[in-house]
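S.K.: Dropping a structure here in structure tokens format, bear with me for questions.
The values are calculated or read from the model by the stated rules, or taken from the named source; none is laboratory data. It should be emphasised that the depicted structure is a prediction, and the values quoted were computed from it without experimental measurement. Cβ: placed from backbone, ideal geometry, glycine included. Neighbour counts: every protein chain shown.
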Amino acid sequence: MNCYQHPGRDAIGICIECSNPVCAECKVEYAGRIYCNTCIERKIGGTVPATQVAGAAFENTSGMGSKATAPPGLGEWNWGGLLLTFIWGIGNNVWWSFLVFVPYLGLVVIPFLLAFKGNEWAWQSKHWESVEHFKRVQHTWAVWGWALTIAVTVLVVSVMVTIALMLIAFVQQEGLRLK
């Protein structure tokens, strides 16, 4: 049996709404049932909010605020939130990240709060195409966070070494003049 939309492809399921055979591209699993793209869009109203996560049907509720349920497998630590704080917050619509500017609290507590809760807050605050899309974007934030952290560290160490060498040279030069 072939897919009703792609006659050259083998069907791997049948839509429970219209009974049309569907291929892997046209098949959508939602609430444990198989639908074709057309029927699920009609049923849900718009784009398909369902994806398959670890073998269980999962509804994509990203961007729905406190109503959004973070899917399993998002990860427990967010390096982008820890290392880039408010910049990461702007990119992910997580406005809590601006608490980093609160004296004392912002330098110690907020970055670690963003590291621990960042994935959940980013999932709730912004619409994501899928869990895989979310993970790719957060990985990119982590890479940029580490790259910026390493670059700033190298710059600060270089400046400190340069200042120390200049001070040593100055002291040696002045020491010669005093004698």
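S.K.: Within the set of pairs 6+ apart or on separate chains, which have a first residue in the stretch 82-111 that is assigned by TED's automatic domain parsing to the domain that holds T149, a second that is of a type in the set (K, R), and C-beta atoms under 8 Å apart?
M.R.: N92/K126; N93/K126
S.K.: Based on this model, can you work out whether V157 counts as exposed (fewer than 12 other Cβ atoms within 10 Å of the Cβ), in contact with a helix residue (DSSP H, G or I) (Cβ under 8 Å, 6 or more places away or on another chain) and farther than 27 Å from N60 by Cα?
M.R.: Spelling it out, it is not the case that V157 is exposed (fewer than 12 other Cβ atoms within 10 Å of the Cβ), in contact with a helix residue (DSSP H, G or I) (Cβ under 8 Å, 6 or more places away or on another chain) and farther than 27 Å from N60 by Cα.
S.K.: Among the residues of the stretch 75-134, what is the count of those that are small (G, A, S), in contact with a helix residue (DSSP H, G or I) (Cβ under 7 Å, 6 or more places away or on another chain) and in a loop (DSSP other than H, G, I, E, B)?
M.R.: Summing the residues that are small (G, A, S), in contact with a helix residue (DSSP H, G or I) (Cβ under 7 Å, 6 or more places away or on another chain) and in a loop (DSSP other than H, G, I, E, B) in the stretch 75-134 gives 1.
S.K.: Give the residue that is nearest to W144 (Cα to Cα), with candidates limited to residues of the stretch 56-105 that are in contact with a His (Cβ under 9 Å, 6 or more places away or on another chain) and polar (S, T, N, Q).
M.R.: S62
S.K.: Residues in the stretch 85-102: is at least one within 18 Å of the chain's Cα centre (by Cα) and at pLDDT below 90?
M.R.: So far as the stretch 85-102 goes, yes, one or more of its residues are within 18 Å of the chain's Cα centre (by Cα) and at pLDDT below 90.
S.K.: Which is modelled with pLDDT of 90 or more, surrounded by 17 or more Cβ atoms within 10 Å (Cβ to Cβ) and of a type outside the set (V, I, T), of W128, W123?
M.R.: W123 is the lone residue from the list that is modelled with pLDDT of 90 or more, surrounded by 17 or more Cβ atoms within 10 Å (Cβ to Cβ) and of a type outside the set (V, I, T).
S.K.: Quick one: how many residues across the stretch 8-60 are modelled with pLDDT under 80, part of a strand (DSSP E or B) and not hydrophobic (A, V, I, L, M, F, W, C)?
M.R.: Of the residues in that region, 6 qualify.
S.K.: Next up: If we scan the stretch 130-144, do we find a residue that is over 26 Å from G73 (Cβ atoms) and either in contact (Cβ under 8 Å) with a residue 40 or more places away in the chain or among the basic types (K, R) (or both)?
M.R.: No, the stretch 130-144 has no match at all.
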